[in-house]
1. For every other residue with a beta carbon closer than 15 angstrom to the beta carbon of A:Ser153, add +1 if it is Lys or Arg and -1 if Asp or Glu, then tell me the sum.
2. When you look at the Cβ of every residue in A:107-114, what mean number of other chain Cβ atoms sits within 10 Å?
3. Determine the sum of side-chain charges near B:Pro84: Lys and Arg each +1, Asp and Glu each -1, restricted to other residues whose C-beta is under 11 angstrom from that of B:Pro84.
4. What's the average, rounded to a whole number, of partner chain beta-carbon atoms within 10 Å of each residue's beta-carbon in B:32-42?
5. Given the C-alpha centroids of the stretch B:285-326 and the stretch A:360-388, what is the distance between them in whole angstrom?
6. Take the alpha-carbon centre of the stretch A:246-265, take the same for the stretch B:150-181, and report the distance between them in whole Å.
7. Do me a favour and compute the ellipsoid semi-axes for chain A from its Cα gyration tensor, root of five times each eigenvalue, largest one first, whole Å.
8. HN-Hα J couplings of the stretch A:365-370 from phi, Karplus 6.51/-1.76/1.60, θ = phi - 60°, integer Hz, Gly and Pro as x?
Amino acid sequence: MTGSILCTCTYLFVFKYLGFFATIINDVASAFHLQYNLAVLSIIIPIGLSFHTFQSMSYVIEVYRGRQSVQTHFGKYALYVLFYPQLVAGPIERPQHLMPQFEIEHTFEYARVMSGLRLILWGLFKKMVIADTLALTVDAFVPTMSTIYYFNSFLVVVGILFFAFQIYCDFSGYSDMAVGIGRVMGFSLTQNFNRPYFSKSISEFWRRWHISLCTWFRDYVYIPLGGNRVSKRRWIFNIFVVFAISGLWHGANWTFLLWGLLNGFFIVMEDMTRTYFRKKESFLWDIKGMLSTFLLSCVAWLFFRMPDLKSISKFFVLLLDPSQYSDAITLLVRDFPTFSLILVVVLLVVEYAQESGIVETWRVCKEKWFAFSAFLLLALSIYLFGVFDEKAFIYFQF
Amino acid sequence: MAGTATIRAMSDVRVVSERSELRTFLIHVLAFALIFACMVSLVNLLYIQYVIPQKIVFQTNSVFDSVLLRNDSLQYVFVGDSHPYFAIDAQYISNSVNLASISENYAITYHKLRILTERRANFTHTIVLQVDPHSFRSEMLKDTSLTPDNIYFYSQVVPFATLYSLYENSNISLLKFLTYRWLPSVGNGIDFLRRDGHIPFFFNIGGDSIGVHQVPLNEMKESAVNRVSKKMSGAEFEPLLVDFYTAILSLAKENNISVILIVYPHSKEFDEELVRRNISLDSYYQHIDSMTQEVFVQGYTVLNYYDYFFNDSSLMYDADHITKEASALFSADVADRLTLYERMNQ
């Protein structure tokens, strides 16, 4: 098992992290005035590398642990690793869940196919209408590598609030489409998101966000390290290790590492302050929990979205400059991104209806004409308000 | 035996039920597709009828129509891309119109002028034709010129064959090209809220707040780098554009229309970026001169405003466009020079 995992990790390391570590070594050497210059390779990364390497590692570990029988058919193994609906950006499937489905005969079922198509349409709406429209707002407010020289910190804050929804709709939109395509073909794929912005704590957020990756880290890194059945100090160490790896999994960049560590810090702080903030059963308390969780996740998203450490430090410096606020307010009053805000509200309303079970309990939602009209409206919204600029999914880069 | 028969019967029932479900599914999908197609057609029709005339490129189209409706001859017609579109305020120049449109290239300009000359041979005395450092660059045929709005707009002015050749030289996909040609409303639903070219309270649908505002002075250098990279990295003289440029000059000559070439103001930073990249404007304009002399053997007039705002970058909107305030100053100066030109010709 160790040999197989090492092989897979080496493959991942060469393609994804070699350049990053070469840069670090060169920077350290230059800091010590050493004449040492490692070549920084620019290699084209195979599509969905981080996802299918994790999926293949999952197979090896499960077989080693005896929870999955050895697959002797190479084609079926290859199909498991590179199953096309979820190849590019997950969900990361476990062999026990996906492989048995290759053995059964799939027949046409009206209800299943329709529910798959509905999911695809909703995923498309989330990606093309919400995420890509929000991307225009976010890109205007938050600097990218090419616009790194000038930005307004207050606008960056506004931009990050929108980015939280952009990345959610971008990634969960893809996951919905992957699950939907699988369902149309008769395959059941793992649910990857469970309305994470309705979480009342950071730990709950991480049980609802990118579920397949989080459970992967839980089962293959966190629990083998001892999980929470260890001393407090060791538990904190485990949390930071898991979140640091999770950060680096997203990309070979200090910003991702900091994003991961910050999330780990929030989890640790949440655990330490649990006795001071006892959970109360009230609607207002829930709202407070959701808002604070959302804001904390946005603080972490700032590190995720900013192009480099220099721009992050500049952001904090500019935050203290009062002129930034007046400039930003003038701009926001004139050009407030109302449409983006409306899309966020639409998303929250739909998700609230799902979260609170209204969709299941309201009789009208079960009427065929209602579903038909709702999907016509959704399709027309994509036609009218979709961004057709062939914007790639954010998670494709990982 | 009885067991086998039962299994076979169950299997038959399953196949029948599957077929019936498939039939229902196909009927529902067909109904959905039909209703959706009807809705899209209706929305598209409304879009073409009511929204398009309000969009800026189509405002030029209405100017185009107004030229056709006039009985008298115009003194000056300005043509070109965003540079004249933003720089020329026709109110300052008597008896003139600005027919420029954003991202317009010589192919489009030629067909605009051809349609005008075919319908009214004497529609103008003089064409003021843009010859900027990027005018012949291959980027003028790339997808920046084939934005969704432009594709539909161009289709109203140029033959489909020309439009298709523009598509072939661009980076956009055939599907996108055909979609934007026939369904201009796709992805533009927010335009239904437009009033007088603006979307009230609905900023930031397709643009960006920083990009659409004037570039700060300390960023002008960066803007110059971006603009030069974006517009002047390809071939210096794109053959198709050279052909259309010559065709414009020949068309003007055949119809006894004078041509004045004009170079629009650029920032000092833009010029510095050209120098940094070893892009020589001298040889570029020499080549244009020889092309122009082949048609206008007896000479022609050039208004060179290239360095007009070199000393005042605050009047530059970005590295190669001027602000609205600068447009007033600039148009007044162009008017003076044209008056001088008229006097010299009398």
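The values are calculated or read from the model by the stated rules, or taken from the named source; none is laboratory data. The structure presented is a predicted model; accordingly, all values stated were derived computationally and were not measured. Quick reminder, even Gly has a Cβ in these numbers, built from the backbone with ideal geometry, and neighbours come from all protein chains shown. Quick note on the areas: whole protein, heavy atoms, side chains included, nothing else; ligands and nucleic acids left out. Shrake-Rupley method; radii C 1.70, N 1.55, O 1.52, S 1.80 Å.
1. Surrounding charge for A:Ser153 is +1.
2. Average per residue, whole number: 5.
3. -4
4. Partner-chain Cβ atoms within 10 Å, mean over residues of B:32-42: 2.
5. 54 Å
6. For the stretch A:246-265 versus the stretch B:150-181, the Cα centre distance is 45 Å.
7. The three semi-axes for chain A are 32, 31, 23 Å.
8. After applying 6.51 cos²θ - 1.76 cosθ + 1.60, I find 5, 8, 5, 5, 4, 5 Hz.
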